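Inspection log for the structure reproduced underneath, given as structure tokens.
The values are calculated or read from the model by the stated rules, or taken from the named source; none is laboratory data. All figures in this text were calculated on a predicted structure; none of them were measured in a lab. Here Cβ is always computed from backbone atoms with ideal geometry, including for glycine, and neighbour counts include all displayed protein chains. Please note that ligands, DNA and RNA were not included when accessible areas were found on the heavy atoms of the full protein model with its side chains. Shrake-Rupley method; radii C 1.70, N 1.55, O 1.52, S 1.80 Å.
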Amino acid sequence: MNVAIVKYNAGNVYSVVNALKRLGIEPLLTDDTGQLSKADRVVFPGQGEARGAMEYLKARRLDEIIRNLRQPVLGICIGQQLLCKHSEEGDVDCIGVFDAEVKRFQPHQHEDKVPCMGWNVIEERGNKLLKGLGEHPYVYFVHSYYVPLCEDTAAVTDYILPYSAAMHRDNFYACQFHPEKSGKVGEQILRNFLEL
């Protein structure tokens, strides 16, 4: 299977490369639009800042390419946020696959730390990306911005407020958490993605 990982100015890409290698996949890390279009699966991971990421993507027309992909696509962390229509982080328009606005966490009490960092349980909503995870699956999060609950929400978690832990629309899937850092649960999610 030909799996491409979108290469752009966002960190954390190599942990995704390594997670896929553990599943027997040798992914191609690329910002070549032709390679991305031809891949069987595309992973859009990253940690970073929305405005800088979108400037890089737009300069290379990667935003258009990603928006028009027809094969299964998996956004991870900022990848999920950039698939939305707008982000408060840098007040920037994003790729627009999901009709949702990315918001910054607003702490309500002293215990509410931003960024949200650590393990949390997700409640999945019957999505095939999230099948076979068992009861009360825990996954690993690191983020200061979130996607509110919306029609594309595929899983919910609660930190300060309930929000979209995972999303799905057509061939686009996304996780706010890091499946590549989420142990056996994350490995099952990546396996599910490869089997879509």
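Here L129 does not fit the description of being modelled with pLDDT of 95 or more and in a loop (DSSP other than H, G, I, E, B). Condition first: under 24 Å from L190 (Cα atoms) and assigned to a strand (DSSP E or B). Now tell me which residues in the range 103-126 satisfy that. Correct list: C116, M117, G118, W119, N120, V121, E123, E124. Scanning the range 101-113 for residues that are open to solvent by 10 Å² or more (accessible area, probe 1.4 Å) and touching a Pro at 6+ places or on another chain (Cβ under 8 Å) yields E101, K103, K113. For the range 159-194, what are the residues that are part of a strand (DSSP E or B) and crowded, with 16+ Cβ neighbours inside 10 Å? Once the filter is applied, which keeps residues that are part of a strand (DSSP E or B) and crowded, with 16+ Cβ neighbours inside 10 Å, the range 159-194 yields Y159, Y163, S164, A165, A166, M167, H168, R169, F172, Y173, A174, C175.
Which condition number does V156 fail, the rest of (1) closer than 30 Å to N2 by Cβ; (2) part of a strand (DSSP E or B); (3) not basic (K, R) being met? Checking V156 against (1) closer than 30 Å to N2 by Cβ; (2) part of a strand (DSSP E or B); (3) not basic (K, R), the one that fails is (1).
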